[in-house]
Amino acid sequence: MALLSNEERESQVLLSRELGPIFPLYGVIELAPGRLVCECGKLDCRNAGKHPRWRNFQKRASVDPNRIRDWFDEFPHANYGVLTGIAAIAIDVDVRPDSNGLLTLDYLQIDHGRRISYTVDVLTGRGNGSRHLYFSPDATVRTRAKVLPGLDVRAAGGYCVAAGSRHFYGGYYHFAEEQAPGEQNMAALPDFLLSALAETAAKSVLAASETLSSALPAALDIPVPPIAAPLPDRVVLGAMLHDPVARFYWDGGRRNPTPSEDDFALAAKLAFYCRHNLPQMYRLFMRSGLWRPKFVECRPVGTYALWTLRRAIDHTPQTWIRKERRIPGAKRGRRPSPESKAILELHRSQPALPNVAIALQLGLTVKRVRNAISYHKRARAENAALLHNLAITREPVEYYPTQKKIDSILVETDSIQDERKVG
Ligand SMILES: [Zn+2]
């Protein structure tokens, strides 16, 4: 790969100012021919050439060309970042064997019969088609990683490595031909892309251990919220066979006007019992009595079977019934006395009313009023703190059916699987 001179790097970085304020990142330096390391000094830096030199980079970022030139003098090997969400947002398109963002964009465009218009485009130094597409800012778009397979969104609070930076693999980030600022206007994010991003707003990423088997098309590695640890197939089947509706469809029963509605009904049941674990849903779906050649027919996003399962997941977000649970450590309901109730009611309806006035109105002592109010205020604050901690620690949530319940109705299903032709 050709080396870029510092002048060439500088001119690309200066062009990037139109995309947002610029700040220096640690660059990559060549320790020995072909051996690039991050300038931060960590030989095994996991974010080589991509992390800011300063903690307060957001404050120090600048569009002043003189300042940027000074940085080039001060840090001759630096890479540069562009703050997103100010002058532009970026879609970070990552091309990897297991999640190809270009393919995802292709599918989206095919699905909607529309093209993403030309816009400012930075090819990453990886040299494999990975790129950053810049669009005019949109306040509704948030910075999120892996929002769709191979796609990250960089908006407010985020940044992108700027053109002119060097990639750990040796290449340079650079503007695609005729798609640099000044040559190419920034487009607005197309509606269909915007809605595709919004649809996945509540989704998180599939845990690494749960990614689809390589037998499935790579593009179908669509993020699925990991709801809980997957259960063994036989446990799931055991539970399904105790569900009259699931069993009916599993055995190939039909009751809807069209076969595809029956497929969807089974898929929805699988979504429930497999806890949205798509690989497991797929395995079982392909073994069900509803199976027919249509299951392997191609759809714009993979096979008919996968498309159906995917829809089932999307349509059953509320399938899991949360078990009633007491907040650990929370005080069991100590009912306030009638006097306390009266005090609190008055206090809530008129927060400005002094304790003395409340005491006079209710014929109680001021001390009694003060105690009631302070006690219940404290209890509320404690509960709020508990709830807050709960949200942060993300304790495993129990779902119905619980493991215990499934165990209790567990049946040996190995014989059932043997009877079926495994698809
Ligand atoms: Zn580093």
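The values are calculated or read from the model by the stated rules, or taken from the named source; none is laboratory data. Quick caveat: nothing in here was measured; it's all calculated off a predicted structure. Cβ sites come from the backbone with ideal geometry, for glycine too, and all protein chains shown count toward neighbours.
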The residue from Gly85, Gly81 that alone is in a loop (DSSP other than H, G, I, E, B), touching a residue at least 24 places away in the same chain (Cβ under 8 Å) and under 25 Å from Gly182 (Cβ atoms) is Gly85
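Within the range 142-171, count every residue that is over 19 Å from the mean Cα position of the chain (by Cα) and surrounded by fewer than 23 Cβ atoms within 10 Å (Cβ to Cβ). Write out each step before concluding.
Let us first name the residues in the range 142-171 that are over 19 Å from the mean Cα position of the chain (by Cα), namely 161-171.
Then keep just the ones that are surrounded by fewer than 23 Cβ atoms within 10 Å (Cβ to Cβ); that gives 167-171.
Adding up the residues that qualify gives 5.
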Tell me whether the range 55-65 contains one or more residues that are in a loop (DSSP other than H, G, I, E, B) and among the aromatic types (Phe, Trp, Tyr).
no
Exactly one of Ala239, Ala267 is touching a helix residue (DSSP H, G or I) at 6+ places or on another chain (Cβ under 6 Å), modelled with pLDDT of 85 or more, part of a helix (DSSP H, G or I) and crowded, with 18+ Cβ neighbours inside 10 Å, and that residue is Ala267
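Here's the yes/no breakdown for (1) in contact with a Pro (Cβ under 8 Å, 6 or more places away or on another chain); (2) part of a loop (DSSP other than H, G, I, E, B):
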| site | (1), (2) |
| --- | --- |
| Ala246 | no, no |
| Tyr249 | no, no |
| Gly252 | no, yes |
| Arg255 | no, yes |
| Met281 | no, no |
| Leu290 | yes, yes |
Boolean, Ala139 is surrounded by fewer than 21 Cβ atoms within 10 Å (Cβ to Cβ) and of a type in the set (A, V, I, L, M): yes
For the range 280-301 the number of residues that are buried (at least 19 other Cβ atoms within 10 Å of the Cβ) and at pLDDT below 85 is 1
Those residues of the range 1-47 which are farther than 12 Å from Val161 by Cα, among the hydrophobic types (A, V, I, L, M, F, W, C) and more than 16 Å from the ligand (Cβ to nearest atom) amount to Met1, Ala2, Leu3, Leu4, Leu14, Leu15, Ala32
With the first residue restricted to the range 26-48 and required to be under 19 Å from Leu4 (Cβ atoms) and among the aromatic types (Phe, Trp, Tyr), and the second required to be part of a loop (DSSP other than H, G, I, E, B) and near the ligand (Cβ under 9 Å from one of its atoms), Cβ contacts under 7 Å at 6 or more apart or on different chains are Tyr26/Glu39; Tyr26/Cys40; Tyr26/Gly49; Tyr26/His51
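Inside the range 48-81, can you point out the residues that are within 16 Å of the ligand (Cβ to nearest atom), surrounded by 13 or more Cβ atoms within 10 Å (Cβ to Cβ) and not hydrophobic (A, V, I, L, M, F, W, C)?
At the first step, the residues of the range 48-81 found to be within 16 Å of the ligand (Cβ to nearest atom) are 48-55, 57, 75, 77-81.
Next, from what is left, pick out any that are surrounded by 13 or more Cβ atoms within 10 Å (Cβ to Cβ): 48-53, 57, 75, 77-81.
Once the filter is applied, which keeps residues that are within 16 Å of the ligand (Cβ to nearest atom), surrounded by 13 or more Cβ atoms within 10 Å (Cβ to Cβ) and not hydrophobic (A, V, I, L, M, F, W, C), the range 48-81 yields Gly49, Lys50, His51, Pro52, Arg53, His77, Asn79, Tyr80, Gly81.
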